[in-house]
Structures are given as C-alpha cells and as structure tokens.
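A short write-up of the structure that comes next.
What follows draws every value from the coordinates through simple rules; no lab data is involved. None of the values given here were measured: they were computed from a predicted structure. Here Cβ is always computed from backbone atoms with ideal geometry, including for glycine, and neighbour counts include all displayed protein chains.
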C-alpha cells in the first residue's frame with residue numbers, strides 16, 4: 001500500500017437519511033483533529049439525502065460523495081466505503097449518530113501510543129430522535145489481553161451492540177478481515193469485531209465520545225424482524241439461508257486466515273465448533289425451513 005493521503009478516513013453509509021444527516025456530517029467536520037476525509041456513500045436514497053450531501057461536498061474539500069445506482073445493502077455499502085478510503089486509520093459513522101469533537105484526537109493518540117492495538121473507542125451514550133439522553137451503554141470491549149485466545153473468547157462473553165466500530169481502527173488490520181461479509185447473514189458487524197480481535201487489542205477510552213441514536217425510523221431498528229434485517233443487510237428481499245451456521249463458519253475461516261499460531265487457532269476453532277453444537281437446534285430448524293421453502297417454491 002502506498003503512503004496514505006490522509007491520516008483518518010471516515011466512511012458514512014446512508015439511505016434516506018435526510019432527518020439526521022446534516023447533524024452527523026457537522027459532527028464530523030467539527031473534529032479537533034482535522035487531517036481526515038469524509039466519504040459518504042448514498043445507497044440510492046429517494047429523499048433529500050443527495051442534495052444535502054452535494055451541498056456539503058461543494059463547501060468542504062474533505063468530503064467525497066458517492067451515489068450508488070441501486071441499493072446494494074448495508075453490507076455492500078459498508079464494504080465499499082472501506083475500499084474507497086485512503087487513510088491510515090478508518091472508522092464508520094452512521095448518518096443518524098453523533099460524536100464528540102474529540103473522538104479523532106483521542107482515538108488516534110491512543111492507537112499511536114499502542115502499536116499492538118487495532119481499535120480505540122470511547123464510551124457510548126444512547127440518545128433518542130431529539131438528541132435527548134436515554135441511557136449510558138457499557139460496551140465492555142476493553143480487550144487489552146496479550147493472549148489472542150483470551151481476547152477472542154472474552155469478546156463472545158461480553159459483546160452486545162457493536163458501537164466500537166464507530167471509534168477508530170487501524171487500516172492495516174481491518175484490510176485482513178472479511179469486513180461486513182456478503183450480506184448472507186445478519187449482524188455481520190459482530191462477526192467483524194470478533195475477527196478483528198485476532199489481529200490486536202481493543203482499547204476503551206474512559207470518556208463519552210460516541211452518541212448512538214435509537215429511533216424507530218432506523219433501517220436496522222428491529223433485530224427480531226427477519227424481513228427488515230434481510231432488507232437492511234442485502235438491499236433486497238434475498239432470504240437468509242442457514243444464517244446461524246454461516247456466521248460460525250465465517251468465524252472458523254477468519255481464524256484459519258489469521259496470523260496466529262497452530263495451538264492458538266486450535267483452541268479458538270474448538271470454541272466455535274462448540275458454539276455450533278450449542279446452536280444445533282436452531283441450525284436444525286433453519287435447515288427445515290430451507291427444505292420447506294424449496295418445497296413451496
């Protein structure tokens with residue numbers, strides 16, 4: 001890879017985000033650390049998203065606006081943003097969230113002081129559609145263990161929301177992962193974070209740097225609504241086929257690709273195989289659903 005053109009790349013995926021888009025862009029532009037680019041990838045929005053983005057791009061040379069001809073799904077849009085990025089460090093930032101003006105400065109200084117870390121993030125507050133505080137959220141992903149096995153296994157015991165991907169990540173580590181995958185299973189951001197633990201430590205900065213907005217208009221609002229999740233991740237009505245098994249198989253492939261030792265890989269693979277066994281009823285039910293769908297088609 002040639003020398004990066006900027007220190008930090010911010011990738012903002014958006015689909016029909018006119019209500020909160022301006023606030024999210026402004027929160028990025030207010031960063032005290034200014035050597036960054038903001039790439040906005042518009043997933044074929046039908047509201048005012050395009051005009052808002054073009055106005056901002058004309059007024060600030062750090063902004064690049066990309067519009068997809070069709071909705072390629074959240075997975076494809078997130079992945080595209082990383083491929084377009086030119087920075088040494090990378091973060092995603094949703095078009096309806098907010099962040100502290102010190103996020104870049106604090107996370108960058110932390111990563112540069114800890115070369116064995118691949119991700120730095122601040123604490124999270126949850127806000128509503130009117131910027132009002134709802135609750136503080138503990139991400140519990142301060143994974144500074146030297147042992148990759150301990151990092152990886154601890155991740156599964158503590159992970160909830162994946163707010164940490166809106167912190168700052170080292171590009172050299174992130175480029176080794178499958179990113180958000182191909183949209184064949186939901187919550188690919190969780191898989192990505194698990195995979196990233198294979199390459200280094202996660203460091204939590206003990207102050208509020210990220211504000212996660214929870215509102216009913218969010219594309220991924222209802223995690224229990226399978227149809228909504230399929231639409232969000234794939235951009236269409238593509239049906240999930242054996243998603244639970246696919247998620248665990250993705251972890252196994254990630255372990256095999258990682259630069260860790262044979263014993264470390266064996267211990268982590270054993271854990272994932274146990275997960276498959278623990279999930280056997282769900283996997284069986286998903287297989288029956290696939291068979292039934294084939295019969296009905």
Next on the checklist: Expected output is a single nm value to one decimal: the length gained when fully extending between residue 282 and residue 7, i.e. 0.36 nm times separation in residues minus the C-alpha distance. What is it?
Outcome noted: 94.6 nm
Checklist entry - In deg cm²/dmol and to the nearest 500, what is the mean residue ellipticity at 222 nm of the chain if only DSSP H runs of at least 4 residues count, each as -39500 (n - 2.57), divided by the residue total? => result -13000 deg cm²/dmol
Next on the checklist: Whole angstrom only: what separates the Cα centroid of the range 123-193 from the Cα centroid of the range 45-107?
Outcome noted: 19 Å
Next on the checklist: Let me check against my output: what whole-number percent is the relative contact order of the range 1-127, with C-alpha pairs under 8 Å and at least 6 apart?
Outcome noted: 37 percent
Item to check | Least to most buried among 246, 70 (fewest other Cβ within 10 Å first) | outcome: 70, 246
Checklist entry - Under a plain spin-label model, where a point goes 7 Å from the Cα along Cα-to-Cβ, how far apart in nm are residue 266 and residue 182? => result 3.1 nm
Checklist outcome for this item: Quick note on 59, 258, ordering by fewest other C-beta atoms within 10 Å, gives 59, 258
Next on the checklist: Over the range 6-234, what is the relative contact order in percent, taking alpha-carbon pairs closer than 8 angstrom and at least six residues apart?
Outcome noted: 25 percent
Next on the checklist: If you take volume of the Cα convex hull per residue in Å³ from the coordinates, which of [x] 138; [y] 198; [z] 158 do you get?
Outcome noted: [x]
Checklist entry - Hey, in the GNM for the chain with a 10 angstrom Cα cutoff, which one of 196, 81, 245 fluctuates hardest? => result 245
Item to check | For 208, 291, 72, order by how many other beta-carbon atoms lie within 10 Å, fewest first | outcome: 291, 208, 72
Next on the checklist: At 0.36 nm per residue, and after removing the present C-alpha to C-alpha distance, how many nm does the segment from residue 132 to residue 58 gain when stretched out fully?
Outcome noted: 23.5 nm
